[in-house]
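Participant: Take this structure first; my questions come after.
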Amino acid sequence: MKTAGSKYADMPKPLWLLAELTYACPLQCPYCSNPVDMANYTRELTTEEWFKVLREARELGATQLGFSGGEPLTRPDLEELIAEARRLGYYTNLITSGVGMTEERIKAFKEAGLDHIQVSFQASSQELNDFIAGTDAFQHKLEMARAVKRNGYPMVLCFVLHRHNEDQVEDILELAIALEADYVELATTQYYGWAMHNKEQLLPTREQVERAEAIAHRYQEKMKGKMRIFYVVPDYYEDRPKACMNGWGNVFLTIAPDGAALPCHSARQLPGVELVNVRDHSIEWIWYESPLFNMFRGYDWMKEPCRSCDEKEKDFGGCRCQAWMLTGDPRNADPVCSKSPHHQELLDEVARIEADAMNPDVPEKPLVFRNMRTSKALIGDKPERDTTTA
C-alpha cells in the first residue's frame with residue numbers, strides 16, 4: 001500500500017474517515033447536525049468519485065470508515081461502497097435511522113463485508129419518537145434493531161438526548177435491555193446545524209442532566225459485563241471542553257455529500273475558510289497542504305489563555321465551531337472552558353434558557369424541523385414546518 005512521502009512523515013494521518021454520503025433523509029429531526037443551508041449542496045459524489053475518496057484516504061492510512069448522512073440508506077450504491085471499502089481493508093460502520101432498511105438489505109450488507117451497524121432512535125416511546133422524527137418510524141426501528149442482531153451484528157443503539165426526552169433515560173435503557181443491546185450511546189445533542197437553530201427548545205435543564213447522568217451511572221453498574229452504556233454530559237454544563245475531533249486535522253477526515261473535505265462536519269460554516277473539494281484535489285494534498293486543514297492544526301494559531309495553558313495538548317482549546325458560534329471568533333478558547341473569558345457569558349445564556357423553559361408565563365417556541373424545503377426557507381429567514389421528506 002502506498003504511503004505518504006517522507007516530507008509528511010512527522011505529520012498526523014487521517015485514521016478515521018466519515019463519508020457523509022447524502023443529506024437526503026426520510027426523517028426531520030430538529031437536532032440534525034447537517035447544515036441548515038443543506039439545500040445549497042445537492043450535487044452528490046458519484047459511486048466512482050466515492051471509490052476514489054476511499055482509495056486515496058486508505059493510502060494515507062485511514063482504517064475506520066463511517067457511512068452516514070442524512071440517511072445513507074437512500075444511496076442505492078451503498079452495497080457497492082461497502083464492498084469496495086472491504087476490498088481496501090477498512091473497518092466499516094453504518095450509522096442509520098433504520099428507515100428504508102429491510103432484513104434482505106442487512107443480509108446484503110453482511111455479504112458485502114459491513115462490520116458494524118448503529119441504529120438511532122429518537123425516544124423510548126412511539127409517540128415522542130415519531131413526533132421528533134417527523135414520521136411513523138418507531139415500530140420499524142424496533143424491527144430493524146432485532147434484525148441487525150439476528151444477522152450476527154452487535155446491537156448498537158444511539159439515542160440523541162435533549163430537553164424533550166432527557167427524562168426518558170431510564171425507559172430508554174430498559175428498552176435497550178429488552179432489545180438485548182450490546183452498546184448504547186446516550187448521545188447528548190451537540191448544538192450545530194439544526195440543533196443550534198433549535199437550541200432554546202432543546203437544551204435540557206441542569207436538573208434534568210444531573211438526574212439522567214445518575215440513572216446512566218446506575219445502569220452502567222447494573223449492566224456491567226452485559227451491555228456497555230456511554231453517557232456524556234452536555235458541553236454547556238461542563239467546565240472543560242472536549243478534545244473536539246481529537247484535534248483539528250489530527251485524526252478525522254469528513255467528506256460531505258458534495259465532495260467538500262472538512263476537518264469536522266460543521267467546519268464549512270466558519271468565516272474565512274477556503275473550502276477544498278475532492279473533485280479538484282487529491283486527499284493527500286487536502287490533508288497535508290490545504291490551508292483549511294492547517295488552519296487550526298497544532299498550537300501556533302492559539303490565542304490566550306489557550307496558548308499558555310498546560311491542558312492544551314489534552315483538549316486542543318476545544319471546538320473551533322463552538323468558539324465561533326458563541327464568541328464570533330473561531331480562534332478564541334471554547335467558552336465551555338472555565339478559563340475562557342467568555343465562559344460567564346455562556347453560563348448566563350444557559351441560565352436564561354433554563355429559566356425560560358421552567359417559566360409557564362414564557363411561551364414555548366415551536367421546533368423547526370429539518371428538511372430540504374425548510375432549509376430553503378431558512379436561507380431566506382422564513383422557517384416553516386413541512387411534512388414532506390427530504
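Participant: Taking the Cα centre of the range 1-131 as the origin and placing charges on Cβ (Lys, Arg +1; Asp, Glu -1), which of Ala62, Tyr8, Ala108 is farthest toward the positive end of the dipole?
Facilitator: Farthest along the dipole direction, towards plus: Tyr8.
Participant: Still on this model: Could you run the Karplus curve 6.51 cos²θ - 1.76 cosθ + 1.60 with θ = phi - 60° over the range 216-221 and give me ³J(HN,Hα) per residue in whole Hz, x for Gly and Pro?
Facilitator: 4, 5, 5, 6, 4, 5
Participant: Take the eigenvalues of the Cα gyration tensor for the range 115-183, scale each by 5, and report the square roots as semi-axes in whole Å, largest first.
Facilitator: On the way: eigenvalues 81, 35, 19 Å².
Ellipsoid semi-axes (Å, largest first): 20, 13, 10.
Participant: Put +1 on the Cβ of every Lys and Arg and -1 on every Asp and Glu Cβ in the chain; which of Phe252, Leu173, Ala133 then has its Cα farthest towards the positive end of the dipole?
Facilitator: Going by the charge dipole, the pick is Phe252.
Participant: If you average 1/r over every pair of different alpha-carbon atoms in the range 194-271 and take one over that average, what Kirkwood value in Å do you get? All intermediate terms of the calculation are to be shown ahead of the outcome.
Facilitator: Details: mean 1/r = 0.0638 Å⁻¹.
For the range 194-271, the Kirkwood estimate is 15.7 Å.
Participant: Springs between alpha-carbon pairs under 10 angstrom, Gaussian network model over the chain: which of Val99, Val362, Val276 fluctuates most?
Facilitator: Judging by the Gaussian network model, the answer is Val362.
Participant: Follow-up question, since we're still on this one. Counting only protein heavy atoms and using a 1.4 Å probe, what share of the accessible area of the range 223-376 belongs to carbon plus sulfur, as a whole percent?
Facilitator: 51 percent
Participant: Using the alpha carbons of the chain, what is the convex hull volume per residue in cubic angstrom, as a whole number?
Facilitator: 147 Å³
Participant: Could you work out how far apart the two model spin labels at Lys365 and Lys7 are, taking each label as a point 7 Å from the Cα in the direction of the beta carbon, and quote it in nm?
Facilitator: 4.8 nm
Participant: Label points 7 Å out from Cα along the Cβ direction at Arg307 and Gln139: separation in nm?
Facilitator: 6.2 nm
Participant: In a Gaussian network model over the chain where Cα atoms closer than 10 Å are linked, find which of Val232, Val336, Val156 has the largest mean-square fluctuation.
Facilitator: Looking only at Val232, Val336, Val156, the largest GNM fluctuation is found for Val232.
Participant: Next question, about the same structure. So how strong a dipole does the range 100-234 carry about its Cα centre when Lys and Arg Cβ are +1 and Asp and Glu Cβ are -1, to the nearest 20 debye?
Facilitator: I would put it at about 400 debye.
Participant: Among 252-260, 222-230, how do they line up by average Cβ neighbours within 10 Å per residue, starting with the highest? Display every interim value, and only then the final one.
Facilitator: Details: 252-260: 22.6, 222-230: 13.6.
My ranking of the peptides, most packed first, is 252-260, 222-230.
Participant: Across the range 56-64, in residue order, what do the Karplus-derived ³J(HN,Hα) couplings come to in whole Hz, using 6.51 cos²θ - 1.76 cosθ + 1.60 with θ = phi - 60° and x for Gly and Pro?
Facilitator: 5, 5, 5, 5, 7, x, 4, 10, 9
Participant: Ile117's amide H: which non-local residues (gap 5+, or another chain) put their own amide H closer than 5 Å, with H modeled 1.01 Å from N in plane and none for Pro or chain starts?
Facilitator: Leu94
Participant: Follow-up question, since we're still on this one. Of the options Leu292, Pro204, Thr92, report the single residue whose Cα projects farthest towards the positive end of the charge dipole of the chain (beta-carbon charges: Lys, Arg +1; Asp, Glu -1).
Facilitator: Going by the charge dipole, the pick is Thr92.
Participant: What's the long-distance tail for the range 1-104, i.e. % of Cα pairs beyond 24 Å? Present the calculation step by step, with values, prior to reporting the outcome.
Facilitator: On the way: 1632 of 5356 pairs.
That tail contains 30 percent of the Cα-Cα pairs.
Participant: Then there is this: Just check the range 215-355 against the gyration tensor rule for me: Cα atoms, a ≥ b ≥ c as the square roots of the eigenvalues, rounded for a/c under 1.5, and otherwise prolate or oblate depending on whether a/b exceeds b/c.
Facilitator: oblate
Participant: Which whole-number value in Å² is the accessible area per residue of the chain, probe 1.4 Å?
Facilitator: Value for the chain: 43 Å² per residue.
Participant: Can you pull the one-decimal nm distance between simple spin-label points at Lys52 and Ser125, each 7 Å off the Cα toward Cβ?
Facilitator: 5.1 nm
Participant: Related question: What are the ³J(HN,Hα) values, in whole Hz, obtained from phi via the Karplus relation 6.51 cos²θ - 1.76 cosθ + 1.60 with θ = phi - 60°, for each residue of the range 243-252 in sequence order, with x given for Gly and Pro?
Facilitator: Ordered by residue, 3J(HN,Hα) equals 6, 4, 6, 6, x, 4, x, 10, 9, 9 Hz.
Participant: Report, in cubic angstrom per residue, the convex hull volume of the C-alpha atoms of the range 99-230. Provide the component values of the computation, followed by the final result.
Facilitator: Numbers: hull volume 14.6 nm³, N = 132.
Value for the range 99-230: 110 Å³ per residue.
Participant: Same structure, new question: Charges at C-beta only: +1 for Lys and Arg, -1 for Asp and Glu. How large is the resulting dipole of the range 205-263 about its Cα centre, in Debye rounded to 20?
Facilitator: 420 debye
Participant: In the range 260-316, how does Rg compare with the Kirkwood Rh, expressed as the Rg/Rh ratio over alpha carbon atoms?
Facilitator: 1.04
Participant: To the nearest 20 debye, what is the magnitude of the charge dipole of the chain about its Cα centre, counting +1 on the Cβ of each Lys and Arg and -1 on the Cβ of each Asp and Glu?
Facilitator: The calculated dipole for the chain is roughly 940 debye.
The values are calculated or read from the model by the stated rules, or taken from the named source; none is laboratory data. On a predicted model such as this, the values are computed, not experimentally measured, just so you know. Don't worry about glycine lacking a Cβ; one is built from the backbone with ideal geometry, like all the others, and counts go over all protein chains shown. We work out accessible area using only protein heavy atoms, side chains counted, and drop any ligands, DNA or RNA first. Shrake-Rupley method; radii C 1.70, N 1.55, O 1.52, S 1.80 Å.
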